[in-house]
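Data block below; observations after.
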Amino acid sequence: MKIDILTLFSNAFSYLDESIIKKAKDKNLIEINISNIRDYSLDKHKKCDDYPFGGGAGMLMSVQPIYDAIKAVKKRNSVLIFPSPKGKVFSHQDAKELATKKHLIFICGHYEGVDERLFEFFEIKQYSIGDFVLTGGELPSMVMIDSIARQIKGVISNESLSEESFSNDLLEYPQYTRPAVFKGKKVPEVLLSGNHQEIAKWRKDMSKQITKQNRPDLIIDKTEERKK
Ligand SMILES: C[S@@+](CC[C@H](N)C(=O)[O-])C[C@H]1O[C@@H](n2cnc3c(N)ncnc32)[C@H](O)[C@@H]1O
């Protein structure tokens, strides 16, 4: 998969050179290119923002530099993504679906956002990463890229993915590693028993318990879906 990131703040993306994403890049499973939107500004001072028409607080990213930055990287099969608090809340399912695409373009908003005409020129999916407001689209883009990358074949083992939170409408069970006793706190006995059936049952029960406690909406949503 190829990912293009269009941003005014290229330095924000060093996280994508770490850990699993770095390994995925090294294995050529993902290619990530970062372009600075400012390079596309036709303004003689390379200005990329301006005051909103009608007044109001802050500055807005101008349409021209982003339009030209998109035109420079967009292909026929590209999926354009704009992180926005006004978008649909990004989910595990969205990450899985986007992981099947060949080319993603992330457009990072900043300041008060972008000139709305951008969405008239291009078909752009808008995703929110939660009901709060961040300074820019750089962190949300990285959050989405990270979760999409994990779903690309070969990046993470299938076994890890199948047991994870949200993979089957439940949150993951608690996990422990060595030592079996730390400062008097013991690992649950069943995990040391070697009885795989009992371990699987304990994990399923714990998953249900944690989901009911922390995210009852996941269980209710499923029941509602079945009723439809
Ligand atoms: C300060 S925010 C603009 C908020 C906008 N004025 C509003 O009230 O909806 C600047 C940029 O950060 C990004 N952003 C902020 N919060 C976000 C969130 N929860 N999810 C995704 N992107 C977000 C978007 O790209 C947005 O254009």
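The values are calculated or read from the model by the stated rules, or taken from the named source; none is laboratory data. Here the structure is a predicted model, which is why all the values come from computation and not from measurement. Neighbour counts run over all protein chains shown; Cβ positions are idealised from the backbone, glycine included.
Restricting to region 121-134, and then to whatever is more than 10 Å from F82 (Cα to Cα) and surrounded by 10 or more Cβ atoms within 10 Å (Cβ to Cβ), can you tell me which residue is farthest from the ligand (Cβ to nearest atom)?
This residue is F121.
Identify, from the list G87, G55, G109, G137, the residue that is under 22 Å from A24 (Cβ atoms) and either within 13 Å of the ligand (Cβ to nearest atom) or surrounded by fewer than 15 Cβ atoms within 10 Å (Cβ to Cβ) (or both). Reasoning before the result, please.
Details: G87 fails: under 22 Å from A24 (Cβ atoms); G55 fails: under 22 Å from A24 (Cβ atoms); G109 fails: under 22 Å from A24 (Cβ atoms).
Every option except G137 fails the conditions.
When you check K25 against the structure, is it free of Cβ contacts under 8 Å to residues at least 12 places away in the same chain, away from the ligand (no atom under 15 Å from the Cβ) and of a type outside the set (A, V, I, L, M), yes or no? So that I can check it myself, show each step before the final result.
Details: free of Cβ contacts under 8 Å to residues at least 12 places away in the same chain: yes; away from the ligand (no atom under 15 Å from the Cβ): yes; of a type outside the set (A, V, I, L, M): yes.
For K25, the condition - free of Cβ contacts under 8 Å to residues at least 12 places away in the same chain, away from the ligand (no atom under 15 Å from the Cβ) and of a type outside the set (A, V, I, L, M) - is met.
Is it the case that region 54-61 has a residue that's of a type outside the set (S, T, N, Q), in contact with a Leu (Cβ under 6 Å, 6 or more places away or on another chain) and modelled with pLDDT of 95 or more?
We begin by selecting, within region 54-61, every residue of a type outside the set (S, T, N, Q); these are 54-61.
Next, only the ones that are in contact with a Leu (Cβ under 6 Å, 6 or more places away or on another chain) stay: none.
Within region 54-61 (the criterion being of a type outside the set (S, T, N, Q), in contact with a Leu (Cβ under 6 Å, 6 or more places away or on another chain) and modelled with pLDDT of 95 or more), the answer is no, since none of the residues qualifies.
Of all residues being among the small types (G, A, S) and more than 13 Å from E172 (Cβ to Cβ) in region 183-219, which is surrounded by the fewest Cβ atoms within 10 Å (Cβ to Cβ)? Just the residue, please. Working first, answer last.
Going through region 183-219, the residues among the small types (G, A, S) turn out to be 184, 193-194, 200, 207.
Next cut, more than 13 Å from E172 (Cβ to Cβ) only: 184, 193-194, 200.
Details: G184: 5, S193: 12, G194: 8, A200: 11.
Out of the qualifying residues, it is G184.
Does region 113-122 include one or more residues that are among the small types (G, A, S) and outside the structural domain of A200 (by TED's automatic domain parsing)? If you could, list the steps in order and put the result at the bottom.
Of the residues in region 113-122, the ones among the small types (G, A, S) are 113.
Checking which are outside the structural domain of A200 (by TED's automatic domain parsing) leaves us with 113.
Within region 113-122 (the criterion being among the small types (G, A, S) and outside the structural domain of A200 (by TED's automatic domain parsing)), the answer is yes, since at least one residue qualifies.
Looking at region 78-97, is at least one residue of a type in the set (S, T, N, Q), assigned to a loop (DSSP other than H, G, I, E, B) and in contact with a His (Cβ under 7 Å, 6 or more places away or on another chain)? Walk me through it before giving the result.
Step one: list which residues in region 78-97 are of a type in the set (S, T, N, Q), which gives 78, 84, 91, 93.
Add one more test, that the residue is assigned to a loop (DSSP other than H, G, I, E, B), and what stays is 91.
Adding the requirement that they be in contact with a His (Cβ under 7 Å, 6 or more places away or on another chain) leaves none.
Looking for residues that are of a type in the set (S, T, N, Q), assigned to a loop (DSSP other than H, G, I, E, B) and in contact with a His (Cβ under 7 Å, 6 or more places away or on another chain), one finds none in region 78-97, hence no.
Could you check region 140-160 and list, in sequence order, the residues that are of a type in the set (G, A, S) and crowded, with 18+ Cβ neighbours inside 10 Å? Step through it out loud before you land on a result.
Going through region 140-160, the residues of a type in the set (G, A, S) turn out to be 141, 147, 149, 154, 157, 160.
S141, S147, A149 - these are the residues of region 140-160 that are of a type in the set (G, A, S) and crowded, with 18+ Cβ neighbours inside 10 Å.
Which residue out of R117, R150 is over 15 Å from the mean Cα position of the chain (by Cα), of a type outside the set (A, V, I, L, M) and away from the ligand (no atom under 13 Å from the Cβ)?
Numbers: R150 fails: over 15 Å from the mean Cα position of the chain (by Cα).
Exactly one of R117, R150 is over 15 Å from the mean Cα position of the chain (by Cα), of a type outside the set (A, V, I, L, M) and away from the ligand (no atom under 13 Å from the Cβ), namely R117.
Inside region 114-160, can you point out the residues that are in a loop (DSSP other than H, G, I, E, B) and of a type in the set (D, E)?
Restricting attention to region 114-160, the residues satisfying the condition of being in a loop (DSSP other than H, G, I, E, B) are 115-117, 122-123, 129-135, 137, 151-152, 154-155, 157.
Answer for region 114-160, where residues must be in a loop (DSSP other than H, G, I, E, B) and of a type in the set (D, E): D115, E116, E123, D131.
Quick check: is even one residue across region 181-188 in contact (Cβ under 8 Å) with a residue 12 or more places away in the chain and within 16 Å of the ligand (Cβ to nearest atom)?
No, region 181-188 contains no residue that is in contact (Cβ under 8 Å) with a residue 12 or more places away in the chain and within 16 Å of the ligand (Cβ to nearest atom).
In region 48-77, what count of residues is obtained for those that are without any contact (Cβ under 8 Å) to a residue 60 or more places away in the chain and assigned to a strand (DSSP E or B)?
3
Find the residue count for region 169-212, including only residues that are in a helix (DSSP H, G or I) and hydrophobic (A, V, I, L, M, F, W, C).
Within region 169-212, residues that are in a helix (DSSP H, G or I) and hydrophobic (A, V, I, L, M, F, W, C) number 8.
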